[in-house]
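Structure first, commentary second.
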Amino acid sequence: MNVNQHTPMASPYGQPQPGYSQPGYAPLDGGYAATYAPYNGPSAYQPGVPPQGYSPFTSFPSKAVASNPVSDLSSPLDLGPARGPPTSGPPPVSAPQPYNQYSHSQGNMQNGPPPLTQAPPRPAASQPYNQGAMNLSGPHPSYPQHYGPQPTVQQVTNQMTGMQITSGPPTPAGPGYVPPHSAQQPVSTAYSATPQPSYTQAPPPASSAPTQPPPPSGPATSQQYYGGPPPPSQQPFNSSLPPTSQQQFTSSAPPPPSSQQTFPPSSYSGPVPPPSQAPAPPVSQPQQSFPPAHPPFSSAPPPVSQPAFISGPPPPAQGSFPPRAPPPSSQPGSFPPPTSTPSGQYPGLMPPQQQPPPSQPPPYHSGPPPPRAQMPPTSMPQSNHLPPGPQNPLGPPGPLQQPPSQPGMQGGYPPQQNGAFGQVRGPQPGYAGPYPGQPNYGAPAPAPAPAPPAQKRLDPDAIPSPIQVIEDDKAKSTEPFTTGVRGQAPPLVTTNFQVKDQGNASPRFIRCTAYNMPCTADMAKQSQVPLAAVIKPLATLPPDETPPYLVDHGEGGPIRCNRCKAYMCPYMQFIEGGRRFQCGFCSCVTEVPPHYFQHLDHTGKRVDCYDRPELSLGSYEFLATVDYCKNNKLPQPPAFIFLIDVSYNAVKSGMVSIVCQELKTLLDYLPRENPEMDSVVRVGFVTYNKVLHFYNVKSSLAQPQMLVVSDVSDMFVPLLDGFLVNVNESRLVIESLLDQIPEMFADTRETETVFGPVIQAGLEALKAADCAGKLFVFHTSLPIAEAPGKLKNREDKKLIGTDKEKSLFQPQVGFYNTLAKECVAQGCCVDLFLFPNQYVDVATLGVVPVSTGGSVYKYTYFQAQSDQERFLNDLRRDVQKLVGFDAVMRVRTSTGIRATDFFGSFFMSNTTDVELAGLDCDKAITVEFKHDDKLSEETGALMQCAVLYTSCSGKRRLRIHNMAVNCCSQLADLYRNCETDTIINFFSKYAFRGVLNNPTKAVRDTLVNQCAQILACYRKNCASPSSAGQLILPECMKLLPVYLNCVLKSDVLLPGADVSLDDRAYLRQLISCMDVTETHVFFYPRLLPLMKLEGGSLPMAVRDSEERLSKGGVYLLETGLHLFLWVGASAQQELLVNIFGTPSFSQIDPSMTSLPVLDNPFSQRLREIVDSFRAQRSRYMKLMVVKQEDRAELIFRHFLVEDKSASGGASYVDFLCHMHKEIRQLLS
């Protein structure tokens, strides 16, 4: 799917399109791959079909600009074979163009403004074109030629709608695709024709048909025309074409290639081509319909439904859409009569099935999107995408179609069920066959088929859909995932699955970006795929999975390799009858200690292999001996110290009383390894403003004693005995203290606070007790009082977007870096709870928490009533969760690769050891690997993550996670075994660290460039040859563009005007230690329609775009940090009564933060869903009710990441076009 490519413009009518005839590839963007030579067979031109090549609008031949610029998109998404461009000369080669969804469906893709380079996208064929969805209304860049006013969005939408992409499979050529030369409108053909499946890479899924229902084509479209210049896609000729497939905007581009849409007769009728042209029905043009060439993608089989490839005669005219009324002749720009041009469409391409199915799914289905009408949408988008001017220039529209990807090609997207790429659907009612009916052009429109209501504008349905990929993965992951097979990629993080450890660590502990590593550094550099692992050493496992076993090897400690010090694991090979073992990492041979000796069986395995976790499992723990302890002495149990800000703001907001009240009960839930036993964690209490107050809560005291330290420049702890105590022994004294603190400071007038000395106090207390521990600091304001670590307000909006912006992410003083280093040395972890009402410099205050493995929690404008629930849930989880102290992590690898870079919340004093004062079950560390030698395909690559830590009961442990992946010498194998979610986790952390030293624009450009290089390398080395106009994506990376765009649009890299510097610094720190599950939902939130809640299963999610929201619905959106309940303005009364207890939309209280407890099954189920979502996340998500058209909707819309963002971030469709352009530049 070359999203970015412009289609070549159509040549003037009658001229052969360039490239069409070329054998090997599809013409530029549009032709079929050479493999499919033009098909002159029966399908040859269908008379009357408008030539595909020209765009409907282009009246003049030559103008037909590349109608398919969009097509580029399609590359990977080849929808099917591209339609041959109409050529006056020999039919274009029929190299099938991949039907790239992307390309063609660009239109679909577009959620927002048309893709940058492509012509404005056309509405998804199957969906009604919503205005707004595409920017058709704007001038379409690609159609410079429109005559007459540009169609309005609405018109376009309508047309698109009309054009419905046919659902039938696109013809190989693409339903509407006409050979460019013929000046036919290339639009529709391009898309349609190509079978969606074409994505080159994978075989298209059967369901790939586009999912969106084709937009209704008929009437709406035509009207558009009437109204003004024909909408781009409406071009009449389109009408005959299947809407979807061609996005022909191309050649004549001005109008969006709605022509496809035009199929619906009506749509078509709108503008009439200029008299001379319009009238003539394309009929006369021979349809060159090339038989559908095979889908361009070579490897993938054409999608099933796409009959597109039919070689036989073109499908009957089908009238695809009822003929539209002839466009008014006067309309300029209408389509030229196709008659003369042979229609390059391959009639055959659009098999009848192409016709849009009558019932297209509603625009956003909850399920996978309906298959798009064949990929037409894809192509539509193309034209949309075309950049305005150039597009036309692109070239013959035909070319713009991309050749479908070859079946074999991995690159292509398989058609998505969602319709994202889709297979073609049956014809939609109302549309004539794919190209049949070209007559529509001139002819009177047949009765317009009613536009299918569900249709939306060109839908992004033709581009890869995250929802479809997620649903497909859930469908195939029914068995438990066993880890015994080396290099096997696990199910996605969005899939619920059970793991059985058979020798490699569970994906809950380690996920890799690639499960097939390149054998050489050159190959890794060529592909640019990052080689990394996201490791979550203490991850919590579900109840049905066994936690790692604890192994005790006695006083001798764990068995290790003599040379590299790797721990005993399943990759060690026992030799000489079991007396020695050879290390799998460095190949050194080590003696087996006598107490560990065991005989080998006939296969060379120890007979006790399955009795020993370290010989048969991927993850386990060793009990560490005193040699693994600091100063060679066993550790003391850890301590928790609570340090509470009691300045004016803290007391006034209610924070102080809430914390004190909660701690009285929370102290009974301190972490413990054995639930039957009391926790051995000791506690201490400090309050502070400009000075510090320590409390003696010794059990022998009747009342707590306060000791004040006012010399904050030289911090010390004024008492040893009585500061850290056992909760049960001192319970009465502690409760008395917690009751008194809020009263003592109720009338305080002290507004200034210190911060550095607070952490120093906790650190000194832990040093005095000679133990590790955690500080819980509750802080409200910028520390401006005179003291070490004093800060000033440096928030300066003028620096945003400049080269000096990076300084705002760096700590403003070096004091905290030094303090963090001291904390790590002592095992002092800091968790910071912030309650700011203004700038507090999170970038500086967060240094110690981030460096010590702690967490930062932020409650801006904290209000007891609305924020108490979120704060208390976060505090409870933070205090209770299992945590390790004084931890050191080292990642060892087999010869050939080594760990070179680390991302997360930790401190490093050398290049190999990751030091964490604290390590909890939510923290992930991302590790990047580089080659230092060659790897071999036979042995694969091994990694072993060893974490030495002190448990919350004071025991020293070693947790080991082992992972083996395959190695490959072929790039295709690398691209077959990648995990996009993990790659995005790596890229986001890499980028968010990059903003510390580089301008944000440079960081964004670096990400886009690396992503383009990854996809260009695939296209160049793994995909079958196809037109440059196609965008071809690897099957396992087809979501890389959409997810990467979400990272680029994040508040850290592209902030909106309302995003504070503190928010950006907070998110930057937060994401640095997220695991793959958390980054996935953060960057691509989960959006669930709540109109029907049946049984125990969740409703299928919909894509994150405003066009997927129905005014009559209610939706739940989850980001991992927020929960939004969006209520449509015309939601059914029954729904509102069930959820809110009121039938009136106006009576819903938008300030509610929890759902009313109502006695009906719907309310109970909804509250269960909300609770289950919260239970899955490490932070409590506050619920926000958003009423449609309310002010809060702006916040909600920020998370609809497929749309254009308020801060200037591109829509998914636009970004896909942009990526396509970048890839083409790299390839050229």
Virtual paramagnetic centre 7 Å along Cα→Cβ of Q1147, amide N under 18 Å, in region 1111-1132: 1127-1132
What order do you get for 860-871, 1108-1119, 914-925 when each peptide is scored by the mean count of other beta carbon atoms within 10 Å, highest first? 914-925, 1108-1119, 860-871
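In region 466-518, what percent of the accessible surface is made up of carbon and sulfur (1.4 Å probe, ligands and nucleic acids excluded)? Please report the intermediate quantities before stating the final value.
Details: 890 of 2000 Å².
Within region 466-518, the accessible surface is 45 percent carbon and sulfur.
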How many angstrom separate the Cα center of region 650-698 from the Cα center of region 1175-1228? 40 Å
Relative contact order for region 919-1064 using alpha-carbon pairs under 8 Å, separation at least 6, rounded to a whole percent? 21 percent
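Of the cross-linked pairs K797/K858; K476/K1187; K664/K955; K767/K923, which ones have a Cα-Cα span greater than 30 Å in the structure shown? Don't jump to the answer; show the numbers that get you there.
Numbers: K797/K858 21 Å; K476/K1187 37 Å; K664/K955 27 Å; K767/K923 25 Å.
Check vs 30 Å cut-off fails for K476/K1187.
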Applying 1/(1 + (r/R0)^6) with R0 = 30 Å to the Cβ-Cβ distance of R794 and S713, what FRET efficiency is obtained, to the nearest 0.05? 0.85
Whole-Hz couplings from phi, Karplus 6.51/-1.76/1.60, listed for region 512-526; x for Gly and Pro: 10, 6, 9, 9, 9, 7, x, 6, 10, 5, 5, 5, 5, 5, 5
Karplus-derived 3J(HN,Hα), 6.51/-1.76/1.60, for each residue of region 1177-1185, Hz, glycine and proline x: 10, 7, 10, 6, 9, 6, 8, 10, 8
Relative contact order as a percentage, region 998-1057, C-alpha pairs under 8 Å and 6+ apart, gives 45 percent
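Once the Cβ-Cβ distance between N726 and E545 is put in as r, and R0 is 45 Å, what FRET efficiency do you end up with, to the nearest 0.05? Let's see the in-between values first.
Values: r = 34 Å, r/R0 = 0.75.
Step by step, r from the Cβ atoms, then E = 0.85.
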Using the Karplus equation 6.51 cos²θ - 1.76 cosθ + 1.60 (θ = phi - 60°), what ³J(HN,Hα) coupling, rounded to whole Hz, does each residue of region 992-998 give in order, writing x for Gly and Pro? 5, 7, x, 5, 5, 10, 9
Peptides 1219-1227, 575-583, 1177-1185: what's the order by average Cβ count within 10 Å, highest mean first? 1219-1227, 1177-1185, 575-583
Can you list the residues, at least 5 places off or on another chain, whose amide H is less than 5 Å from the amide H of A1131, using H built in the peptide plane? none
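I need the calculated FRET efficiency for the pair T911 and T520, taking r as the beta carbon distance and R₀ as 30 Å, to the nearest 0.05.
Working: r = 23 Å, r/R0 = 0.77.
Computed FRET efficiency for T911 and T520 comes out at 0.85.
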How much length is gained if the chain between L623 and L1194 is pulled fully straight, taking 0.36 nm per residue apart and subtracting their Cα-Cα distance, in nm to one decimal? 200.3 nm
Residue-normalised accessible area of region 977-1105, given per residue in Å² at a 1.4 Å probe: 26 Å²
Between Q1133 and N631, what is the label-to-label distance in nm when each label sits 7 Å out along the Cα-to-Cβ direction? 7.5 nm
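Within region 953-1033, what whole-number % of the accessible surface is contributed by carbon and sulfur, with the 1.4 Å probe and all protein chains included in the calculation?
Numbers: 1000 of 2260 Å².
Within region 953-1033, the accessible surface is 44 percent carbon and sulfur.
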Rounded to the nearest whole Å², what accessible area per residue is found for region 602-683 with the 1.4 Å probe? 45 Å²
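Which length gain, in nm to one decimal place, applies between A702 and A1175 when the Cα-Cα distance is subtracted from 0.36 nm times their residue separation? Please list the in-between numbers first.
Numbers: separation 473, 0.36 × 473 = 170.28 nm, distance 4.06 nm.
The A702-A1175 span can extend by a further 166.2 nm.
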Using Cα pairs closer than 8 Å and at least 6 residues apart in sequence, work out the relative contact order for region 1116-1158, in percent. 26 percent
Quick one: accessible area per residue over region 1115-1204, 1.4 Å probe, rounded to a whole number of Å²? 44 Å²
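The values are calculated or read from the model by the stated rules, or taken from the named source; none is laboratory data. None of these values were measured; they are calculated from a predicted model. Glycine also receives a Cβ, built like all others from the backbone with ideal geometry; neighbour counts cover every protein chain displayed. Quick note on the areas: whole protein, heavy atoms, side chains included, nothing else; ligands and nucleic acids left out. Shrake-Rupley method; radii C 1.70, N 1.55, O 1.52, S 1.80 Å.
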